[in-house]
Amino acid sequence: MTQRLNYAQQSPELFKKFMEFSMALKNSVIEDRIHDLVQIRASQINGCAFCLDMHVKEAKIHGETELRLYHIAIWRESNLFVPRERAALAWTEALTNMNVGSKWQLFIPSELAYGPNGSGRTIEPNSTLIFDVELVDIATPPPPPQPITSDIIKVPSKSELDAGAKIEVIKPEDLAKYTNKTGAKPATNTATKPTTAPK
């Protein structure tokens, strides 16, 4: 498998915001079971083996069953998901597959949403959910800042100064010239082996 982009390293500020968003979701009214389904389905669509593996393991920790995990990819044909879960899966597929510049009106039929029960006072029974969604842009983050490096100042000894030497500023890329002596031979053990008298 080829190395994927290290998004935490490439865009630390964006990754920090993503983690804050993820934590806010975990503390929201959306239960773990739906949260897990959404993350697994998005990972399947995106083809990310690492994410899929991680989210399936999380779902199992939260008590998800093997059979339901197998059915996520074919949730439309499965009878294992309640309307609320089906609405979340439909929404996930739509948003994950949107292209920049798309303007979609998403309809989630009553049978995939809240059905005959509705949702409290806000959504009446047998209501179709309608969402106007536009993907304006996916911003490319700026390149990560380069590490701060300091120049090294080489101060000659008094005798070197008296002989005309100057204070030098050594750039980090030139440091190897001063630390690695060229032409120096590696130290060898030149001690002779002790001789023993014959018996």
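Since every read-out is calculated from the coordinates, none of them should be taken as a lab result. All values derive from a computational prediction rather than experimental measurement. Because the Cβ atoms are built from the backbone with ideal geometry, glycine has one as well, and the counts that use them run over all protein chains shown.
With 31 Å as the limit on Cα-Cα distance, the pairs of K16/K103; K17/K177; K16/K177 that go past it are K17/K177; K16/K177. Modelled label positions at I138 and H62, each set 7 Å beyond Cα in the direction of Cβ, lie 2.4 nm from each other.
Computed 3J(HN,Hα) for the range 59-64, one whole-Hz value per residue from the Karplus formula 6.51 cos²θ - 1.76 cosθ + 1.60 where θ = phi - 60°, is 4, 5, 4, 7, x, 5, glycine and proline marked x. Take the Cα of R76, step 7 Å toward its Cβ, do the same at T122, and the gap between the two points is 2.7 nm. In this structure, the amide hydrogen of N126, modeled 1.01 Å from its nitrogen in the peptide plane, lies closer than 5 angstrom to those of G115, N117, G118, counting only residues at least 5 positions away or on a different chain.
What does the charge add up to near W104, with Lys and Arg as +1, Asp and Glu as -1, over the other residues with Cβ less than 14 Å from its Cβ? Around W104, the surrounding residues sum to -2. Bridging of K171 to aspartates and glutamates at a Cα separation below 14 Å is possible for D151, once same-chain residues fewer than 8 apart are set aside.
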